[in-house]
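Enquirer: Have a look at this one.
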Amino acid sequence: MEIKDIPIHLQEAALKSKIPECDLFLDKNYLRARGQLKPSPRSCWYSYEIKYRFRDNIKILILNPKIKMEVNGKKAEHLYKDGSLCLFFPKAKEFNSKKLIVDYIIPWVSLWLFFYEIWLVTGEWKGGGIHPQ
C-alpha cells in the first residue's frame, strides 16, 4: 500500500489534537505553527515557529530565547545561516509530505534543543547528524 501525501489541513488537525495550546495559521498550502517546548525538566521554555509549505519546504525557528550562533569561538552546529534549525538531512528525505509534523518535526525540535543545551555547556555537539554545506 502506497503512503499518500498528508493534506495540509490534516497536518493542522494533528497538531491541534496533540498540542492544543499551539497557535496555528492555515492558508491554502501554507501552515504556520507556534508553540513552546521544554526539552528537559531542567530546561527553560523555548518558543518555536514552524513554517511549512505543502510538498515544498519546512522552516523551524526558535523565537525565544534567541539561539546563540557561537559560544567561546565555536559555531553552533545544525543551524542554517538564517538561524533556522537543521533537523534532518534534506537529501535523505527523512521528512516529507507523507509524514506528520507533530510526529516528526516537534520531537526533533525538542531533541535538537536538548543537544543545544549540552553544547552551550560543553562546546561539543553530542547530537550527531550530517549538516549540508
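Read the figures in this text as sums done on the coordinates, not as results from a lab. Computed from a predicted model, the values in this text were never measured in an experiment. Backbone-built Cβ (ideal geometry, glycine too); neighbour counts: all protein chains shown.
Enquirer: Kindly put H78, H9 in sequence by how many other C-beta atoms sit within 10 Å of each C-beta, fewest to most. Intermediate results must be reported in sequence, preceding the final value.
Expert: Details: H78 18, H9 12.
The order, fewest Cβ neighbours first, is H9, H78.
Enquirer: Additional query: Going by alpha carbons, how many degrees (0 to 90, nearest 10) lie between the helix axis of 101-122 and the longest principal axis of the chain?
Expert: Long axis of 101-122 versus the principal axis of the chain: about 0 degrees.
Enquirer: Treating the angle as unsigned and between 0 and 90°, give the value, to the nearest 10°, between the Cα long axis of helix 8-18 and the longest Cα principal axis of the chain.
Expert: It is inclined by approximately 60 degrees.
Enquirer: Relative contact order for the chain: what is it in percent, counting Cα pairs under 8 Å that are at least 6 residues apart?
Expert: Working: 176 pairs, mean separation 28.0, N = 133.
Here the relative contact order equals 21 percent.
Enquirer: Excluding residues on the same chain fewer than 8 positions from K81, give the aspartates and glutamates whose Cα lies under 13 Å from its Cα.
Expert: Leaving aside aspartates and glutamates fewer than 8 places away in the same chain, those within reach of K81 are E70.
Enquirer: If you rank V121, V109 by fewest surrounding Cβ atoms within 10 Å, what's the result?
Expert: By the 10 Å Cβ count, ascending, the order reads V121, V109.
Enquirer: Okay, next question. Can you order the peptides 39-47, 58-66 by their average number of other Cβ atoms within 10 Å per residue, highest first?
Expert: On the way: 39-47: 12.6, 58-66: 14.9.
Answer by packing, highest mean first, reads 58-66, 39-47.
Enquirer: If you don't mind, another one. For every other residue with a beta carbon closer than 14 angstrom to the beta carbon of I19, add +1 if it is Lys or Arg and -1 if Asp or Glu, then tell me the sum.
Expert: Values: positive: K16, K18, R32, R34, K38; negative: E12, E21, D23, E49, D103.
Charge balance in the 14 Å sphere: 0.
Enquirer: Give K59/K126; K66/K126; K66/K98 a once-over and call out the pairs whose C-alpha atoms are over 29 Å from each other.
Expert: Details: K59/K126 22 Å; K66/K126 20 Å; K66/K98 31 Å.
Checking Cα-Cα distances, K66/K98 exceed 29 Å.
Enquirer: Over the Cα atoms of the range 8-122, what Rg and Dmax result, in angstrom?
Expert: In order Rg, Dmax, the Cα atoms of the range 8-122 give 14.2, 44 Å.
Enquirer: Now a separate question. Exceeding 20 Å between C-alpha atoms, which entries from my cross-link table qualify? They are K4/K99; K68/K91; K28/K93.
Expert: K68/K91; K28/K93
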